1. Here are some residues: Tyr362, Tyr370. Which one is of a type in the set (Phe, Trp, Tyr), under 30 Å from Lys125 (Cα atoms) and either assigned to a strand (DSSP E or B) or not assigned by TED's automatic domain parsing to the domain that holds Arg24 (or both)?
2. So is Gln392 surrounded by fewer than 19 Cβ atoms within 10 Å (Cβ to Cβ), of a type outside the set (A, V, I, L, M, F, W, C) and more than 30 Å from Pro265 (Cα to Cα) or not?
3. Among the listed residues Asp32, Asp23, Asp41, identify the single one that is closer than 27 Å to Arg421 by Cβ, surrounded by 20 or more Cβ atoms within 10 Å (Cβ to Cβ) and charged (D, E, K, R).
4. Given the options Leu130, Leu113, Leu85, name the one that is hydrophobic (A, V, I, L, M, F, W, C), in contact with a Cys (Cβ under 9 Å, 6 or more places away or on another chain) and either touching a residue at least 24 places away in the same chain (Cβ under 8 Å) or not in a helix (DSSP H, G or I) (or both).
5. Which of (1) in a helix (DSSP H, G or I); (2) in contact (Cβ under 8 Å) with a residue 40 or more places away in the chain; (3) farther than 30 Å from Thr94 by Cβ does His176 not meet, given it meets every other one?
6. Give me the pairs: first residue in the stretch 257-279 and more than 16 Å from Phe300 (Cβ to Cβ), second residue among the β-branched types (Val, Ile, Thr), beta-carbon distance under 8 Å, and six or more apart or on different chains, which are they?
7. Determine which member of the set Leu317, Leu293, Leu269, Leu307 is aliphatic (A, V, I, L, M) and closer than 21 Å to Asp122 by Cβ.
8. Mind checking which residues of the stretch 397-416 are farther than 16 Å from Asn147 by Cβ and surrounded by 16 or more Cβ atoms within 10 Å (Cβ to Cβ)?
Amino acid sequence: MNKKTIYAGLILGIFFLAFYFQDRYAIFSIDDWTYAFVVQDSYFNYQSVADDNVVRQPIMSFHDALLSQSRDYFKTNGRLIIHTLTQYFCGTCTMAQFVVLNSIIFAIFTLLLIQLTTCGNDLWKLLLLLSAIWILLPHKGLTMMGNITCSIDYLWGCTGNLIFLCLLHQTLSRKHGIIGLLLFIIIALIAGSLQESFSIGIAGACFILVVLRWHNINSQFKTMIIAYILGTGICMMTPSNFRRFDDIGGMGFHSNSLLGLLSSPVFLLFIISIIYLAKKGKLKNVAQNNMTLVLTMSVFINVGFALFIAYNGRHQLTAVNVFCFIVLFRTWMPLIHPKHLKIVTALLLLTSIASYQPILAYRKQYYEAYNLILKRAKQSQTGIVSGWEFEQQTDELKNNRILECNYVWPFTFQDWDFFERSLSVYLTKGESNQMIKEVTK
C-alpha cells in the first residue's frame, strides 16, 4: 500500500467522522412520528395514525413494517422497499442508533461518488471532491442529515441508484457471467423501484441512450436497462401516485421548483458549464462518454418533471443536484490545470473547515431546543407546552438561507395541529393524540 492510498484513507476517515458528528444532531420528526406505526386497511394513508378514534399498532418488527407498506403502497406512493426500511427503523431504532447506520451509508455514497467522478486516490482531487460535497451539494440538512424518513428516502435511495450506475458502467466495457448478470439484474430492478425522483430521470436517459446507440451497446447493458425500467414501473404505477400527483398540483408550471433549482449552487455551475462548453464547441466531446451523457440527460429529464409535471419540495431535486455534481467532476477534472485545481481546492477546503464548527453549533442548539419540547410535554398536565426556544430558532434559521437551504432543516409547530397530534401519538406509543394540545411560541 503506497503513501497516497494511506493518506487518502486517513482523509476519508476524518471526513466520515465529521459527517457523523454533524448527524448526531438529526431530529426524529414529522413523518418519523407516524411511520413508527402500522398502516391499517381502514386508513387513508400513513398519516391517519394521528386521527381520532383509530387503531394504532406500533412497528415492532420487520414483518410489521412490510405488512404496513403492503397496504401503504396503494395509499401513499410506490416506494415499497425504501419505506419498508423507513418504517422498520422509525419503529424499532433510536435516533442515536440510526445515525451510525446513516453515516455508514453516507460513507458508501461518498465512495461511489469517488468512483463515478474518477477522482481515484489523487489527493488534491479527493480534497476538492469532499469539500465540494460539503459546500456545493444543497439541502443536506434534510436529505442526508435530516430525519429518518428523508435520510432513507434520499441519501439511501441515491446510494442504491449510484450502485446501479457503477454496475451499469462496468457492463458497458465488459460482459459478465450468468450468475453475475442475474445479480446485476436484481440490483437494477431494486434500484429502479426505490425512489421515483431518481428512477424517472435515469430510466428515461438510459432508454434514450439505447435508442441512439443501439448497435454500439451490448445486450447485457440493454438487459439491465430493461430491469431498471421495470423497477421504475413498480414504483410509479401504483394508483396512489396518481392521487398524490393531483394533491401536489398536477401538470403545469411549478414556480417553486424553479426557486429550488436556483437555490442550488451545483445546479447553477452545471448550467454555466453547459453554456460555456456549447460556446466553445466542446459539448459534443463530453456527450461521447456514455455515462456522462446518461447523467446529463437524467438531470434535464428530472428538471422537466419538477418544472412541469409534479413538484413537492426541494428534497425532490436531490437526484438533479447529485448528478450535476458528478457531471461537473467528470467533465472538468481532465481539463482543469493542476495549478488552478489546487487553488480551487484550497479555497473550498478552507471554507469547509471554517464553516464546520458554527454549523455544528447551530445543529446542536436546534436539537437541544427540540428535546426541551419533548421533556416539557412529558411533564405537562394541561397539554400546553412551551416551545419558544425552538420556534425562535426556527424563525432565525428560515431567515438564514445558507443554513436553512443546506445544513439545518427547520420546521414549526405553529402552522397546524397535525404535528402536535402526530408527536403525541409517538410519545404515548399510540395511546393518545392529545398529549400535546398546543406548542406555544
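1. Being of a type in the set (Phe, Trp, Tyr), under 30 Å from Lys125 (Cα atoms) and either assigned to a strand (DSSP E or B) or not assigned by TED's automatic domain parsing to the domain that holds Arg24 (or both) holds for just one of Tyr362, Tyr370, which is Tyr362.
2. The answer is no for Gln392.
3. Within the list Asp32, Asp23, Asp41, the selection yields Asp32.
4. The conditions single out Leu113.
5. All conditions are met except number (1).
6. Pro265/Ile135
7. Leu269
8. Once the filter is applied, which keeps residues that are farther than 16 Å from Asn147 by Cβ and surrounded by 16 or more Cβ atoms within 10 Å (Cβ to Cβ), the stretch 397-416 yields Leu403, Cys405, Asn406.
The values are calculated or read from the model by the stated rules, or taken from the named source; none is laboratory data. These figures come from a predicted structure and were not determined experimentally. Backbone-built Cβ (ideal geometry, glycine too); neighbour counts: all protein chains shown.
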